[in-house]
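Asker: Got a structure for you, questions after.
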Amino acid sequence: MTEPTLAALIEALRRQPGIGQKSAQRIAYHLLQHDRAGMQQLARALEAAATQVRHCERCHTFSEATLCDICRDTTRDARQLCVVETPADQGALERTGSYRGLYFVLLGRLSPLDGVGAREIGAAELLQRAADGVTEEVILATSFTAEGEATAHVLAEALKARGLKVTRIARGVPIGSELEYVDLGTIAHALVDRH
């Protein structure tokens with residue numbers, strides 16, 4: 001029988017994405033047996049993040065301040081607003097170094113079966129922000145899953161109805177890949193969206 005404190009640690013680890021029961025046990029045992037200092041560091045970092053990190057009031061990404069660094073950056077192009085599903089998606093776009101506009105993080109995507117509608121992803125707030133008189137283009141950078149596509153479609157229709165220019169990130173064949181190994185759906189979209 002597992003001690004209550006150890007069981008609680010394993011359960012807390014198991015709740016994280018991609019970590020099952022066995023992985024959670026391995027991590028817990030490793031930390032306890034081999035890396036107590038790392039465990040203490042992790043505990044301090046988790047506590048600090050839980051108390052200090054919140055959502056930016058303007059774009060909803062993670063921030064320790066009321067407004068994130070990107071929203072406060074006056075050198076960013078405020079005429080472009082890129083809509084993403086998660087802060088992780090925003091981070092991926094930022095790492096490319098190819099986008100210098102602003103963001104709006106939905107914190108999800110439409111999923112009626114899960115009870116996630118336009119209200120839950122902040123669609124009304126997005127529409128208000130996009131109609132600020134400064135935004136000229138809204139770039140929809142949602143995922144290419146069924147839910148991501150539905151989210152992009154619903155948002156595009158609502159934004160276009162307000163007279164805003166709406167674009168969608170392109171999809172296609174990954175750089176460095178060989179066509180024979182790319183799935184047929186990706187190849188078909190790459191042909192349709194060619195430029």
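The values are calculated or read from the model by the stated rules, or taken from the named source; none is laboratory data. If you're wondering where the values come from, they're calculated on a predicted model, not measured in any experiment. Note that each Cβ is placed from the backbone with ideal geometry, even for glycine, and that neighbours are counted across all protein chains shown. Accessible surface areas use protein heavy atoms only, side chains included; no ligands, DNA or RNA. Shrake-Rupley method; radii C 1.70, N 1.55, O 1.52, S 1.80 Å.
Asker: Only one of 107, 179, 191 is touching a strand residue (DSSP E or B) at 6+ places or on another chain (Cβ under 8 Å), of a type outside the set (Phe, Trp, Tyr) and open to solvent by 20 Å² or more (accessible area, probe 1.4 Å). Can you tell me which?
Answerer: Values: 179 fails: touching a strand residue (DSSP E or B) at 6+ places or on another chain (Cβ under 8 Å); 191 fails: touching a strand residue (DSSP E or B) at 6+ places or on another chain (Cβ under 8 Å).
So the residue among 107, 179, 191 that is touching a strand residue (DSSP E or B) at 6+ places or on another chain (Cβ under 8 Å), of a type outside the set (Phe, Trp, Tyr) and open to solvent by 20 Å² or more (accessible area, probe 1.4 Å) is 107.
Asker: Residues in region 115-130 that are in contact with a helix residue (DSSP H, G or I) (Cβ under 7 Å, 6 or more places away or on another chain) and open to solvent by 30 Å² or more (accessible area, probe 1.4 Å): how many?
Answerer: Number of matching residues: 1.
Asker: Let me ask another. Run down 67, 31, 42, 81 and say which single residue is open to solvent by less than 50 Å² (accessible area, probe 1.4 Å) and either without any contact (Cβ under 8 Å) to a residue 24 or more places away in the chain or part of a helix (DSSP H, G or I) (or both). Spell out how you get there, then give the answer.
Answerer: Working: 67 fails: open to solvent by less than 50 Å² (accessible area, probe 1.4 Å); 42 fails: open to solvent by less than 50 Å² (accessible area, probe 1.4 Å); 81 fails: either without any contact (Cβ under 8 Å) to a residue 24 or more places away in the chain or part of a helix (DSSP H, G or I) (or both).
Exactly one residue qualifies, and that residue is 31.
Listed here are the residues, each with its yes/no results for (1) in contact with a helix residue (DSSP H, G or I) (Cβ under 8 Å, 6 or more places away or on another chain); (2) open to solvent by less than 50 Å² (accessible area, probe 1.4 Å); (3) assigned to a strand (DSSP E or B); (4) under 22 Å from residue 189 (Cα atoms).
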{"site": "91", "(1), (2), (3), (4)": "no, yes, no, no"}
{"site": "113", "(1), (2), (3), (4)": "no, no, no, no"}
{"site": "132", "(1), (2), (3), (4)": "no, no, no, no"}
{"site": "138", "(1), (2), (3), (4)": "yes, yes, yes, yes"}
{"site": "149", "(1), (2), (3), (4)": "no, no, no, yes"}
{"site": "152", "(1), (2), (3), (4)": "no, yes, no, yes"}
{"site": "163", "(1), (2), (3), (4)": "no, no, no, no"}
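Asker: Taking the conditions exactly as written (out of contact with any His (no Cβ under 6 Å at 6 or more places or on another chain) and modelled with pLDDT of 95 or more), does residue 96 satisfy them or not? It would help to see each step written out before you state the result.
Answerer: Numbers: out of contact with any His (no Cβ under 6 Å at 6 or more places or on another chain): yes; modelled with pLDDT of 95 or more: no.
Spelling it out, it is not the case that residue 96 is out of contact with any His (no Cβ under 6 Å at 6 or more places or on another chain) and modelled with pLDDT of 95 or more.
Asker: Right, something else. Any idea which of (1) more than 26 Å from residue 183 (Cα to Cα); (2) without any contact (Cβ under 8 Å) to a residue 40 or more places away in the chain; (3) not hydroxyl-bearing (Ser, Thr, Tyr) is the one residue 136 doesn't satisfy?
Answerer: For residue 136, the failing item is (2).
Asker: Determine, yes or no, whether residue 19 is farther than 30 Å from residue 154 by Cα, touching a helix residue (DSSP H, G or I) at 6+ places or on another chain (Cβ under 8 Å), in a loop (DSSP other than H, G, I, E, B) and β-branched (Val, Ile, Thr). So that I can check it myself, show each step before the final result.
Answerer: Details: farther than 30 Å from residue 154 by Cα: yes; touching a helix residue (DSSP H, G or I) at 6+ places or on another chain (Cβ under 8 Å): yes; in a loop (DSSP other than H, G, I, E, B): yes; β-branched (Val, Ile, Thr): yes.
Yes; evaluated as a whole, the condition is true for this residue.
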